[in-house]
Amino acid sequence: MFGLQRFTNTIGTKLFRRAVVYSSSSTVARPVAACTAERGIETVAPKDDVTNETSPGTKKKSTLVAAAFESLKNSDENNTEKSTPTPIDNVINERIINAKTVNGLLAIVDGDKTITRTHAFKIVSILSEWSSINKVKISDFENDSRFLRVCRLLGRHTSKASNVNNTKAISGFRTDDLNTVLGVAGDDEAAKLIASISLPQMVKVMSALASRKRRSTPLLRSLAFNISSSTEQLDLKQCADVFYAMATLNFQDSVLAAKLCSDVLATLKKNTEKSAVVGSILTSLGILKYRDLDILEALTQWILTNQEICRPQDLSALFLTSALLNFRTMDIENVRSKLVKSIVKEDFPKPSDWLNHVWALALLDLINNNHLESVLNSKFLQTLTAKNNLSPTSKMKLLNLNSYAQILANNYKGSLLPADSDIFNVPIVHSKTKTILLNGMLDALKSLLPANNHFNSLVDSKMGFLIDAVCIFDEKRNPLPLNTDNPNSKRVALMVIDYHDLCHGAHRSFNGILFLNFNLLEKSGYKVIPIPHNEFNTSDKLLKRVQYLETKFKTLVSKRAQ
């Protein structure tokens, strides 16, 4: 049922309680299905329901009021009043804003034929807000003819269909809270309605926002607050839908994510039939870079227990998300023996998907030499290139794997990338925020080291990433020129860490990509010094930044002495 069941302090509560509310599940099922079909999750349309009125005598008026609120949903497709406001519109709008009493507000309606649906909506919104803060009582105006005129204006059917008996025309009067919220033109006004709808409806609103790619910050914040504040438990499918919406819209909210993780933990064991919803949650966690060890461990154990019903893409989602979040399960040997071997290249229709999977295994250190050979051989590279031009991301992953085969793999004798391969020419560019942090670090480094030939910046490692700065010190922490050939020298790699290099959530950490990069550097003979953005502030004075780097160098030398 899509009746407004949770209006408690607004005008909608008392008005809709008296209305006969008819809802259509198909209207809601479409956006939800569009949102979830991509991940193979079934969408079941809810059954229609009816809220009976308390008194037959109030049916006509209450249905009119309900239709008035319902009609707000049509603003996207039926509203013809989105043109530039006329001078008369501006005058009426100003009168509405300046009205201080119910009578003053409704007096605007009395006898004025220029009132539009937009004006009517603003009037009802203000009355709703006044009612919610107990400034007025609904009984003061619900029988006022001027207020009923506003309701009639909002409740009238605005479809272009001329046949009043047409089913689509009649459906224009049904109460559909999902489209009511999404149809409100102003995001702030729509956000106010969120507290008035039920928890399942909030989930559907988020799913619809994701399917429409509508990233309304006020609306999303209102949804996040109300969903996370609810004591009602979401089922596994609802959790997957909300996570998917957050990932699609790139909406980070740690409180909402914690609520979803808690509900997933409570309902996960009951799911013994469908793996798509688990794969969806895993994928969303990876996109959001939300790292919660408890939920990741629970999802891993679920897949180990229900491996027989898991699709290859769901198993791969486990590895890819675990890799990105730098998560290693406590049951790593079972994962290695049962899951790693169960996925083969033929499970992936696209060669790029197999590349992603093998790369994830490398980040988790679960890769074997056969995996490396399968993506580094010339036949696979030709197939990969034939489908489309290699993206910079794919090239960087291949360079990661090529370096892994040379530096980290045990006794790898298979194929490697040709030295003249175009893959080595991948353009790697830092983000704007990382560039600012890097420049602040380089300024400090210039003040600390005696000459420009004592360090180099933005060095292409040929391993799929840039080394932000390279310098050399002797055993007494004296800086040396880069061309120094001293067996006792220490080659240092400084790597700036910005916000995007970190995982979010209850257990924050560097992401898995960064850990692989550090591992490759260390095995190549570098001493790595991370420069996190929360420690190194570019707004600090130069002296303080220099002292910070100097402390890092001292710590590195003292560790070697030990």
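The values are calculated or read from the model by the stated rules, or taken from the named source; none is laboratory data. If you're wondering where the values come from, they're calculated on a predicted model, not measured in any experiment. Virtual Cβ from ideal backbone geometry, glycine too; neighbours counted across all protein chains shown. Areas reflect the complete protein model, heavy atoms only, side chains present, ligands, DNA and RNA absent. Shrake-Rupley method; radii C 1.70, N 1.55, O 1.52, S 1.80 Å.
Let me check I've understood the local charge: for Arg336, count other residues with C-beta under 13 angstrom from its C-beta, Lys and Arg +1, Asp and Glu -1. What total comes out? Its environment carries a net charge of 0. The figure for Arg311 is an accessible area of roughly 70 square angstrom, using a 1.4 Å probe on the protein chains alone. Computed over segment 191-323, the percent of Cα pairs more than 26 Å apart is 19. The calculated FRET efficiency for Leu304 paired with Leu199, based on their beta-carbon distance and R0 = 30 Å, is about 0.45. For Val528, the residues 5 or more places off, or on other chains, whose built amide H falls under 5 Å of its own are Ala493. Phi angles across segment 529-540 convert, under the Karplus curve 6.51 cos²θ - 1.76 cosθ + 1.60 with θ = phi - 60°, into 3J(HN,Hα) values of 10, x, 10, x, 5, 7, 10, 9, 9, 5, 7, 5 Hz, Gly and Pro given as x. Please give me the summed charge of the neighbours of His357: other residues whose Cβ is under 15 Å from its Cβ, Lys and Arg +1, Asp and Glu -1. Surrounding charge for His357 is 0. Computed with a 1.4 Å probe on the full set of protein chains, the accessible area for Lys274 sits at about 100 Å². Here the Debye sum runs over all C-alpha atoms of segment 240-301 as equal scatterers in vacuum, and log10 of I(q)/I(0) at q = 0.14, 0.18 Å⁻¹ comes out as -0.34, -0.57.
Annotation: Cα Rg of segment 429-562 relative to the compact-globule expectation 2.2 N^0.38 Å equals 1.03. Counting only protein heavy atoms and using a 1.4 Å probe, the accessible area of Arg152 comes to about 130 Å². How large is the translational diffusion coefficient of segment 266-355 in µm² per second when you combine the Kirkwood radius over alpha carbon pairs with Stokes-Einstein at 20 °C and 1.002 mPa s? Rounded, D is 161 µm²/s. Sorted largest first, the principal axis extents computed over the alpha-carbon atoms of segment 293-336 equal 25, 19, 17 Å. Each residue, Asp294 and Asp485, gets one label point 7 Å from its Cα in the Cβ direction; the gap between the two is 5.9 nm. For the cross-link pairs Lys270/Lys350; Lys270/Lys341; Lys213/Lys269; Lys490/Lys552, the ones whose C-alpha atoms lie over 23 Å apart are Lys270/Lys350; Lys270/Lys341; Lys213/Lys269. Other residues with beta-carbon under 15 Å from the beta-carbon of Arg508 carry, at +1 per Lys or Arg and -1 per Asp or Glu, a net charge of -3. Average 1/r across all pairs of distinct alpha carbons in segment 349-414, invert it, and you get the Kirkwood radius: 11.9 Å.
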